[in-house]
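The values are calculated or read from the model by the stated rules, or taken from the named source; none is laboratory data. Because the structure is a prediction, the values reported are computed rather than measured. We place every Cβ from the backbone using ideal geometry, glycine too, and count neighbours over all the protein chains shown.
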Amino acid sequence: MPSALTLPFLRYHIPISSPFSLPRCSSTTTAAVSQGDSTLRKTMDRLAGNADLMIVSDLDHTMVDHHDPENLSLLRFNALWEANYRNNSLLVFSTGRSPTLYKELRKEKPMINPDITILSVGTEITYGNSMVPDDGWVEFLNQKWDRNIVSEETRKFTELTLQSETEQRPHKVSFYVQKDKAQDIMKSLSVSLKERGLDVKIIYSGGMDLDILPQGAGKGQALAYLHKRFKAEGKLPKNTLVCGDSGNDAELFTIPDVHGVMVSNAQEELLQWYSANAKDNRKIIHATERCAAGIIQAIGHFNLGPSTSPRDVMDLSDSKMDKFDPAYEVVKFYLFYERWRRAEIENSDRYLANLKAVCCKSGKFVHPSGIEQQLHDCVSSLRTCYGDKQGKQFRVWVDQVLIAQIGSDSWLAKFKKWEQSGEERLGCLTTAILSSKDVSVADGLTWVHVHQTWLDGAGPNNQTTWLF
Ligand code: GLC
Ligand code: MG
């Protein structure tokens with residue numbers, strides 16, 4: 001493992017060999033910094049102790065497979081994460097995309113919410129669903145950086161085509177450049193920018209994208225910064241798994257002590273970097289599976305925790321657990337619901353009877369429209385919609401399944417439930433009370449009460465069958 005960044009496409013830069021120090025807050029940014037600070041703390045406080053696992057994953061062609069219209073590996077990962085990791089681990093997305101393109105991807109693909117989002121090739125770090133920026137990071141990146149000078153110098157190269165306006169960010173200037181021209185241009189550029197007094201990092205990704213960032217930026221440095229902040233709070237995750245497919249991901253694999261997976265479909269530039277710099281590092285694997293399936297494979301390979309997605313378990317009633325697990329129960333229930341409507345399981349009264357058995361007799365369901373029904377009646381109404389989504393694009397997933405124990409035998413589960421049917425996507429914030437009273441572990445948990453509210457802008461605009 002290299003002790004410094006010695007990526008071939010970064011070799012024109014001064015390697016970072018010592019841990020950088022955190023920027024000091026200036027009085028003008030103190031308020032903003034403390035907001036980022038409190039959001040980071042919230043992220044950490046959600047967990048009882050240190051995160052069991054922190055996954056830091058790239059999105060395009062790593063977490064998200066653009067060649068899989070069914071999004072199966074992403075959905076498999078989501079189910080695994082929500083059932084087994086959400087309550088004790090941290091999910092970090094680290095993408096080259098700007099906030100604008102990131103939000104677009106979220107609309108296109110069935111993605112769950114990460115705890116931390118690192119955008120624009122490690123130049124923007126944000127916390128939580130509202131994506132509160134880490135202003136300390138912004139200030140750190142201002143050192144020896146002047147994007148006007150970068151613009152001036154790059155204008156001299158006709159081979160460089162500026163990317164769209166959305167991808168030009170305060171600490172990132174991005175171009176397209178042909179593969180055969182990339183190395184020479186990077187070399188001349190780094191010389192000329194150095195002469196102008198800048199300390200920059202030039203990264204080539206995906207055989208076409210060229211990003212110019214401050215030297216201290218990048219996906220790897222952003223992760224090192226997070227590790228440092230977590231460590232300062234005594235909350236360093238027990239394990240970190242980094243996941244990537246292209247050039248801008250390479251430096252993720254250089255961060256001390258992390259496990260790494262290059263997905264099977266990784267780009268040539270990442271594989272070349274690996275052969276030149278890290279092939280003796282047994283903590284890095286090149287998966288045989290594509291995208292999110294490769295991430296799941298790595299979790300298993302490194303023994304980082306459960307690695308069987310509930311989506312890979314056909315008979316969910318048969319899945320044995322040694323304790324009550326409300327998160328697993330929630331994931332399992334909605335998987336059943338998806339399979340039932342897609343007619344992927346047998347149309348058997350036994351299933352509905354089992355379902356009734358796990359719903360409290362007097363339990364209520366408050367539909368997002370506000371109508372209250374008996375849970376048992378809702379289960380009965382499932383009979384008429386068996387297979388109504390057969391052969392159609394219909395998927396159900398849950399996001400941010402957070403569990404709080406509210407009594408010796410009861411739990412409050414709060415989560416977002418999403419349903420995608422063709423082009424239409426509906427989402428509900430759901431709270432449910434589950435209980436283990438009077439049941440044995442083999443019976444699972446009982447649903448006592450379920451209450452749903454349409455998520456902002458995610459309610460129906462026509463007659464849709466929304467059952468649970
Ligand atoms: C994403 C960004 C782009 C960047 C590329 C590689 O595609 O949108 O601006 O150049 O990642 O980092
Ligand atoms: Mg990628």
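Condition first: hydrophobic (A, V, I, L, M, F, W, C), in a strand (DSSP E or B), within 17 Å of Ala343 (Cα to Cα) and without any contact (Cβ under 8 Å) to a residue 60 or more places away in the chain. Can you find one or more residues in the stretch 378-397 that meet it?
Yes; the residues of the stretch 378-397 include at least one that is hydrophobic (A, V, I, L, M, F, W, C), in a strand (DSSP E or B), within 17 Å of Ala343 (Cα to Cα) and without any contact (Cβ under 8 Å) to a residue 60 or more places away in the chain.
Looking at the stretch 315-368, which of the residues that are exposed (fewer than 12 other Cβ atoms within 10 Å of the Cβ) and of a type in the set (Gly, Ala, Ser) is nearest to Val450 (Cα to Cα)?
Among residues in the stretch 315-368 that are exposed (fewer than 12 other Cβ atoms within 10 Å of the Cβ) and of a type in the set (Gly, Ala, Ser), the one nearest to Val450 (Cα to Cα) is Ser362.
Is the stretch 387-394 home to any residue that is under 24 Å from Asp349 (Cα atoms), out of contact with any Cys (no Cβ under 7 Å at 6 or more places or on another chain) and of a type in the set (S, T, N, Q)?
The answer is yes; a qualifying residue exists.
Just to be sure I understand, how many residues within the stretch 179-218 are within 16 Å of ligand 1 (Cβ to nearest atom) and in contact with a Pro (Cβ under 8 Å, 6 or more places away or on another chain)?
2
When you check Phe230 against the structure, is it buried (at least 19 other Cβ atoms within 10 Å of the Cβ), of a type in the set (Phe, Trp, Tyr) and away from ligand 1 (no atom under 11 Å from the Cβ), yes or no?
yes
Taking the condition in contact with a His (Cβ under 8 Å, 6 or more places away or on another chain) and not polar (S, T, N, Q), does Ile406 pass?
no
Kindly indicate which of Ile149, Ile185 is without any contact (Cβ under 8 Å) to a residue 40 or more places away in the chain and over 30 Å from the mean Cα position of the chain (by Cα).
Among Ile149, Ile185, only Ile185 is without any contact (Cβ under 8 Å) to a residue 40 or more places away in the chain and over 30 Å from the mean Cα position of the chain (by Cα).
Write out, first by first residue and then by second, each pair whose Cβ atoms fall under 6 Å of each other, whose residues are 6+ apart or on separate chains, and whose first residue, in the stretch 275-288, is among the charged types (D, E, K, R) while the second is modelled with pLDDT of 95 or more.
Lys283/His259
If we only count strands (runs of 3 or more DSSP E) wholly inside the stretch 163-246, which ones have 1 or more residues that are modelled with pLDDT under 95?
In the stretch 163-246, 200-205 are the strands (runs of 3 or more DSSP E) which contain 1 or more residues that are modelled with pLDDT under 95.
What pairs come up if the first residue lies in the stretch 195-209 and is touching a residue at least 12 places away in the same chain (Cβ under 8 Å), the second is hydroxyl-bearing (Ser, Thr, Tyr) and within 16 Å of ligand 2 (Cβ to nearest atom), and their beta carbons are under 6 Å apart, counting only those six or more places apart or on different chains?
Ser205/Ser246; Gly206/Ser246; Met208/Tyr176
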